[in-house]
Amino acid sequence: MKKRFLVPLLAASIVAISAPVSADDYVIDTKGAHAFVQFKISHLGYGWVIGRFNDFSGSFSYDETNPAASKVSVTINPTSVDSNHAERDKHLRSKDFLKVDEFSTITFNSTSYEDKGDNKAVLKGDLTLHGVTKSVALDVTHIGAGKDPWGGYRRGFEGTTKLTLKDFGIPMDLGPASRELEVFVSVEGIKKK
Amino acid sequence: MNLRNSDKQFGLVSIVIHWMMALLIVGLFALGLYMTGLDYYDPWYKTAPDIHRSLGVIMLLLLIFRLVWRQVNPKPTPVDNDPEILHKVAEWIHGLLYLLLFVIALSGYLISTADGRGIDVFNWFTVPALFPSFENMEDLAGEVHFVLAVTLIVLAGLHGLAALKHHFIDRDLTLMRMLGSTRSLDR
């Protein structure tokens, strides 16, 4: 009786052990701009200011059979902040906000990916912003994956989180309605060959 | 007093523009320093830059008129006993002041128009954004604007000290002439 289970069990364990090896690596398609890092912050409590970072790069690995092993890393150039207003962008780059002279990169490196089923997940990672590193959690949706019409294979996610400016030592006080920033990230990765 | 300059005197137009611009330049510098240090909820946070931009455009228009006026008017000869070389130096400094004013105004204009938006001058008229922008133009223009503005104020201070030296130490009519006095040098 026992022996009959042994072979499938062995086979299963081999699959399990080898599973992480089959994780695919993806490059985030910033070249074709199918990836966005946007933020939204309240203006006085009456409206929104929406901005984005135009210059960033990143990659992720994902294995459908073992999503928990997923890894993401993204590097953002804070100088590329764009809120569609040159004078405001200049201010955002200054010491009141991002202080880009001193803190020339924003980085995110994932530490865990918890699959919640139904294409939802929580992605945790270390975010370094304004020289301060903090663990943040993004609510992630796996949007889809498949072949693209040009011979590649793509996979896309979106994620949202909220950051408090003060947590990252950003000194500017924009008022009580504007202490938190909502972040929206949408990335499409092209599988490395 | 005549409107136009003569070989001996500055005309009313030159004198009025000189002092208007002196006031504007000092005012713009002070306002520029003040407004960049304001808190977001300060009532002047939005108004002060609006005034600064508007006055800056007016300063530029005055400068352009002044340079034209200077070309079509006689240049009054110096009323001091300084050697010719000092007159040359003074002329160079005056030229540098004009050049600095122009570049400062231009760089300020380039900060505000870096995203294609024009500058509203006191809800009176709008100066459109004329030049195509490049990546982070507003930051480079901002650096230039600040450094040259400080340089200008230092030079303008020297210019003022030189005028006071003429008045109190050399005891000549250089300063009085720019204040409209028509007294002659023959004391």
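The values are calculated or read from the model by the stated rules, or taken from the named source; none is laboratory data. On a predicted model such as this, the values are computed, not experimentally measured, just so you know. All Cβ positions, even for glycine, are placed from backbone atoms using ideal geometry, and neighbour counts span all protein chains on display. Please note that ligands, DNA and RNA were not included when accessible areas were found on the heavy atoms of the full protein model with its side chains. Shrake-Rupley method; radii C 1.70, N 1.55, O 1.52, S 1.80 Å.
Answer yes if at least one residue in region B:59-70 is under 26 Å from residue B:168 (Cβ atoms) and open to solvent by less than 30 Å² (accessible area, probe 1.4 Å), and no otherwise.
At the first step, the residues of region B:59-70 found to be under 26 Å from residue B:168 (Cβ atoms) are none.
Taking every residue of region B:59-70 in turn, none turns out to be under 26 Å from residue B:168 (Cβ atoms) and open to solvent by less than 30 Å² (accessible area, probe 1.4 Å).
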Qualifying positions in region B:111-137 - on the phi < 0 side of the Ramachandran plot and at the interface with another protein chain (Cβ under 9 Å from one of its Cβ atoms)
B:111, B:112, B:113, B:114, B:115, B:117, B:133, B:135, B:137
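Going by the conditions given, is residue B:50 in a loop (DSSP other than H, G, I, E, B) and in contact (Cβ under 8 Å) with a residue 60 or more places away in the chain?
Values: in a loop (DSSP other than H, G, I, E, B): no; in contact (Cβ under 8 Å) with a residue 60 or more places away in the chain: yes.
Criteria not met by residue B:50.
From the list B:77, B:36, B:47, pick out the single residue that is open to solvent by 70 Å² or more (accessible area, probe 1.4 Å), among the hydroxyl-bearing types (Ser, Thr, Tyr) and more than 14 Å from chain A (Cβ to nearest Cβ).
B:77
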Scanning for something on the phi < 0 side of the Ramachandran plot, more than 21 Å from the chain's Cα centre (by Cα) and at pLDDT below 95, does region A:102-115 turn up at least one residue?
no
Looking only at region B:101-121, decide whether some residue is open to solvent by 50 Å² or more (accessible area, probe 1.4 Å), of a type in the set (S, T, N, Q) and free of Cβ contacts under 8 Å to residues at least 60 places away in the same chain.
no
Have a look at A:74, A:140 and point out the one that is open to solvent by less than 20 Å² (accessible area, probe 1.4 Å), modelled with pLDDT of 95 or more and part of a strand (DSSP E or B).
A:140
In region A:92-106, anything free of Cβ contacts under 8 Å to residues at least 24 places away in the same chain and surrounded by fewer than 19 Cβ atoms within 10 Å (Cβ to Cβ) is listed as A:94, A:101
Selection from region A:173-193 of residues open to solvent by less than 60 Å² (accessible area, probe 1.4 Å) and either more than 14 Å from every other protein chain (Cβ to nearest Cβ) or touching a helix residue (DSSP H, G or I) at 6+ places or on another chain (Cβ under 7 Å) (or both) yields A:181, A:183, A:185, A:186, A:187, A:188, A:189, A:190
If a residue must be at the interface with chain B (Cβ under 10 Å from one of its Cβ atoms), farther than 17 Å from residue A:103 by Cβ and under 21 Å from the mean Cα position of the chain (by Cα), how many such residues does region A:53-93 contain?
3
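Taking residue B:146, is it within 14 Å of chain A (Cβ to nearest Cβ), at pLDDT 95 or above and open to solvent by 60 Å² or more (accessible area, probe 1.4 Å)?
For residue B:146, the condition - within 14 Å of chain A (Cβ to nearest Cβ), at pLDDT 95 or above and open to solvent by 60 Å² or more (accessible area, probe 1.4 Å) - is met.
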In region B:113-152, which residues are farther than 23 Å from residue A:55 by Cα and part of a helix (DSSP H, G or I)?
B:144, B:145, B:146, B:147, B:148, B:149, B:150, B:151, B:152
